[in-house]
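Quick note: the coordinates plus some simple rules give every number you see, no bench work behind them. Treat the numbers as computed from the prediction; the structure is a model and nothing was measured. No Cβ is skipped: glycine too gets one built from the backbone with ideal geometry, and neighbour counts run over all protein chains shown.
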Amino acid sequence: MTTVDDTTPYAWPYGDDLAFDRLALVVCGTDQRSLSATPSDATAEANIDRLCRAADDHGVPTYFVRHTPVQHDRVRRHRTDDRPPGSSSTHPVGSGREHTIDSVGIDGFYGSALDAVLRADGRDQLLLAGFGLETTVHSTLRTANDAGYECLTVVDACGVIDETCRSGAISSIEMSGGIFGAVGVTDSVLAALGHLTNRSDQT
């Protein structure tokens, strides 16, 4: 069984095998407002870039989630497009497996097509990263968990708005045996993807 090493509080994904055809990378807070609110974090930005490039290399779709407030009468007008937002190096353009999702709230599932597109593509193992660990990432994570997705928050690929909130945000994911999923780091995720590729090549 292929899992991501050194995840806490359990081996991720829980009781199952990591699978390319079930995996998706969700990068939260890629709108200008969230980016501006999150202090520059070169490590997080570099790790987001590494995850995006690895996802592209392995045929795993990446969903860039933007908080785009709209008037109440437009909440139901969900939109996706195939262009990563902005020109940041954390949004590589590759095979066309990158998608932008606009959400009404800081929760990437609220007033958006994220759940519909993930389910249509059979993606239920989610890697979460982005800008605003304690805001956009956490809100999206909690909804994903409640909706039955198996979630891994890649904490060194998450910028924080308030550094004093980092430990609490991580602890609240891990409490009660992983009430909101598991926590891991970029190097372990990339190693697991590489191991999964090697195993697939041998079969």
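If you average the C-alpha positions of the range 92-150 and of the range 156-170 separately, how far apart do those two centres end up, in angstrom?
18 Å
What is the order of His58, His138, fewest Cβ neighbours within 10 Å to most?
Going from least to most buried by this count: His58, His138.
Would you list Cys52, Cys165 from fewest to most Cβ contacts within 10 Å?
In order of increasing Cβ crowding within 10 Å: Cys165, Cys52.
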